[in-house]
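> Sharing a structure, written as structure tokens. Questions coming.
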Amino acid sequence: MKDEVTAANANLQENQIWVFAQFNVPEEKEQMETYYYYGLVSEPLYNAIANNALSSGFIQLKNVKFWGDNNLIYDYKDIERSGQLIFRIEHIVKLNPVNVEPIVGKGFEQFEDPENITPPVFEEDKSTEESN
């Protein structure tokens, strides 16, 4: 119970980091479902899990992104989904920090060669470019 309270409190911390997470969730008939997500996680919670200080409780991922069938990254948030997920800490297989926010519409190449990352163009940037 202590781990669950600690995890719940850590999820509320504002300092967050990007992580790549793999979860294996038990299903019916002794099956296992595997999920791969990117998301923002409380940094204190990440540190507690990484240091094996927490082994149970819940982890909340915010601004979730996922791998699609065509190996591109998609936003989890849409008209039906809030963009947040909660998993049990016990179901974590892998939890690695990521240095940058994953870019939706790109694949794994964005993490291999920093020169391949195209910065997003915002509306105000477009208007500045057009006036030059």
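> Can you send over the carbon and sulfur percentage of the accessible area for the stretch 15-104, probe radius 1.4 Å, protein chains only? Walk me through the intermediate numbers first.
On the way: 2410 of 5370 Å².
The nonpolar share, carbon plus sulfur, comes to 45 percent.
> Hey, another quick one. For every other residue with a beta carbon closer than 15 angstrom to the beta carbon of Gln16, add +1 if it is Lys or Arg and -1 if Asp or Glu, then tell me the sum. Display every interim value, and only then the final one.
On the way: positive: Lys62, Lys65; negative: Glu14, Glu43, Glu101.
With Lys, Arg at +1 and Asp, Glu at -1, the neighbours total -1.
> Based on the mean of other beta carbon atoms within 10 Å per residue, what is the order of 33-43, 94-104, most packed first? Kindly include the intermediate steps, with their values, before the conclusion.
Numbers: 33-43: 17.5, 94-104: 13.6.
For the peptides 33-43, 94-104, the packing ranking is 33-43, 94-104.
> Measure off 7 Å from each Cα along the Cα-to-Cβ vector at Met32 and Ile17, then give the distance between these two points in nanometres to one decimal.
A separation of 2.6 nm, rounded to one decimal place.
> Taking amide H atoms as placed 1.01 Å from N in the peptide plane, list the residues 5 or more away in sequence, or in a different chain, whose amide H sits under 5 Å from that of Lys106.
Ile73
> Summing +1 for each Lys or Arg and -1 for each Asp or Glu, what net charge is found among the other residues whose Cβ lies under 11 Å from the Cβ of Pro26?
Values: positive: Lys29, Arg88; negative: Glu27, Glu28, Glu30, Glu33, Glu90.
In short, -3.
> Obtain the nm distance between the two label points defined at Asn63 and Ile92 by a simple spin-label model: each point lies 7 Å from its Cα along the Cα-to-C-beta direction.
Output for this residue pair reads 1.9 nm.
> Here's another thing I want to ask about it. Let me check I've understood the local charge: for Tyr36, count other residues with C-beta under 13 angstrom from its C-beta, Lys and Arg +1, Asp and Glu -1. What total comes out?
Working: positive: Lys65, Lys94; negative: Glu33, Asp69.
For residues surrounding Tyr36, the net value is 0.
> Just order 52-61, 73-82 by mean Cβ neighbour count inside 10 Å, highest at the front, would you?
On the way: 52-61: 17.4, 73-82: 11.9.
Output ranking for 52-61, 73-82: 52-61, 73-82.
The values are calculated or read from the model by the stated rules, or taken from the named source; none is laboratory data. Being a predicted model, the structure only gives us computed values, none of them experimental. Using ideal geometry, Cβ is built from the backbone for each residue, glycine included, and neighbour counts are taken over all protein chains shown. Just so you know, the surface numbers come from the protein's heavy atoms only, side chains and all, with ligands and any DNA or RNA stripped out. Shrake-Rupley method; radii C 1.70, N 1.55, O 1.52, S 1.80 Å.
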